[in-house]
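This report concerns only the one structure given below.
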């Protein structure tokens, strides 16, 4: 049977966002937990496992066993969030495809920079979809199968329509939504 | 001695930023790792510990043991509080999915106010789930894998009391609500 | 029971619609909802609406619609059965009971869900995962919610949610009559109909005032107060005081 000291220290270290000093572990684990004993027991329990508790400069954290390091990511490639312009452009393409750049700009009410469409194409969500047979023969854009996959849609018809958006509160001006959020968060009873 | 299967699966689950399916674990752990065996061994090793591997909606992750909630909860902000309307709506979607907005409203007897569905979608618990092939082609909603993860459910079968409710006929398709037909269509938000 | 009714009267604003109120009343019967007496429930609801009326509380329309429906149900349950009526009152009562059970069950389910060991409140995931190597995901991240929220924002920007129904500019027959009567005094000589029309750049209003003024002139001609003359079809229409 595993003692409470060990379990408490284990859970605290696991959930911590940064390596913790002993006194930080003590503060987190609460009264009556013997952190030194917990850490010692933990080190023994995990000796052969795929992860270990380790001490670095007086701070403790869990890490993957060195022999399994190959499964870890070597460089941290930060996932990048799409810019607001890109998200809006993507939304317009998804709802109106095939759509030309001029049409996107007309709907957004602002110009889009060259980079915006490039980012969407690099992400694999948007593709050129032929030229429109009007003067100037503008290139049009449409979404890809990768777009559907990424957003968990079976088809574009699964996108909520205007009425659905309205009902979900997504057509409200921003101020309105913030107020709403406050009301919503105020009301729970558990 | 702990086997390689178990150690590899353990390290992968620890290092992962999100819950993983079996095939994702396989892809990360590399050739020759028996993921099923590793997961089974892992569950046994961690049965009494302060952290556990758990399966939610076919995806695995480690989390702290529920009985340690009291030490971990301190100094943490509570997750988003939900309004009563949002809680009921979430329950209705979870127990009836896929379900349309009109059906949710029929069950609750009131319209869904703005900011209810979008709060649930923003939390990542609810998603649009295709349109129903009936007149008007209403959009339906369903819960996500994130919903199962958050509420600690292995699958929708684990929803509290769902079998009893089904047996009692309380989860049957929402029937035409006679007297409410009038009230509801009358009040459709613009 | 009296006491309970008092509380309800005060709490009128707290109900989320008539079904919510009905469920609260049903719970006062302190029986399993499957054993619920629908007739007693109807009495309670109607009594509640009545006392709310006496207190001059404003009741939303849906409460009154429900009251009307329940009154109809009540008479159906009390009167001798009419085999012609489908579905039968008993069937309607049963369906109402099912609705209440379902709402009650969903409410219960919701609180049981909220009471589970929830991530971030009762159980916690790893605070600082290293991340895995094999990520073949696009580096660009966006959620479906972001996408549809963005589209909602664009749509809201372009089309304000408030729809102001534009009042179509028209000239009523009454207005035309008044105008033509007032102007007739000056029309001693034959005057083109167009001279009677208000100056406007709005083609809708122009059409409307022409049609109304023409009707007004026909009416005044019938009363013998003016004369109309036209050389040929579609030619200028001339008007003169009689």
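Quick look at the numbers
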item	result
Shape category assigned to chain C from the gyration tensor of Cα positions, a/c cut at 1.5	oblate
Position residue B:30, label points 7 Å along Cα→Cβ, spacing to each other copy in nm (shortest first, one decimal)	4.1
Residue exposure sequence - B:54, C:188, B:9, C:42 - by fewest surrounding Cβ within 10 Å	C:188, B:54, C:42, B:9
Cβ-vector label at 7 Å, residue B:136, separations to other copies in nm	4.1
Theoretical ellipticity at 222 nm over chain C - DSSP helices of four or more residues, -39500 (n - 2.57) apiece, nearest 500	-17500 deg cm²/dmol
At 7 Å out from Cα toward Cβ: residue A:106 inter-copy label distances (nm, ascending)	4.1
Choice from C:201, C:39, C:25 with maximal GNM fluctuation in chain C (Cα, 10 Å cutoff)	C:201
Fewest-first sequence of C:235, B:5 by Cβ atoms within 10 Å of each Cβ	C:235, B:5
Gaussian network model of chain B, Cα within-10 Å springs - most flexible of B:99, B:12, B:126	B:12
CD proxy at 222 nm, helix term only [per DSSP H run n ≥ 4: -39500 (n - 2.57); per residue of chain B; nearest 500]	-12000 deg cm²/dmol
The protein assembly as shown: Cα Rg divided by the 2.2 N^0.38 Å rule of thumb	1.34
Top of B:48, B:118, B:34 by mean-square fluctuation, Gaussian network on chain B, Cα under 10 Å	B:48
Dimensionless Rg ratio for segment B:4-72, taking C-alpha atoms and the 2.2 N^0.38 Å reference	1.09
Tensor-based shape of chain A (alpha-carbon gyration tensor, a/c under 1.5 rounded, otherwise prolate or oblate)	prolate
Peptide A:148-159 - average C-beta neighbours from other chains (10 Å radius)	5
Residue order, fewest to most beta carbons within 10 Å, for C:219, C:143, C:174	C:174, C:219, C:143
Residue C:175/residue C:50 FRET efficiency (R0 51 Å; Cβ-Cβ; nearest 0.05)	0.60
Stretch gain in nm, segment residue A:24-residue A:70, where the contour uses 0.36 nm per residue and the Cα spacing is subtracted	13.5 nm
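Read the figures in this text as sums done on the coordinates, not as results from a lab. This one's a predicted model, so the numbers in the text were calculated from it and none came from an experiment. All Cβ positions, glycine included, derive from the backbone under ideal geometry; neighbour counts span all protein chains shown.
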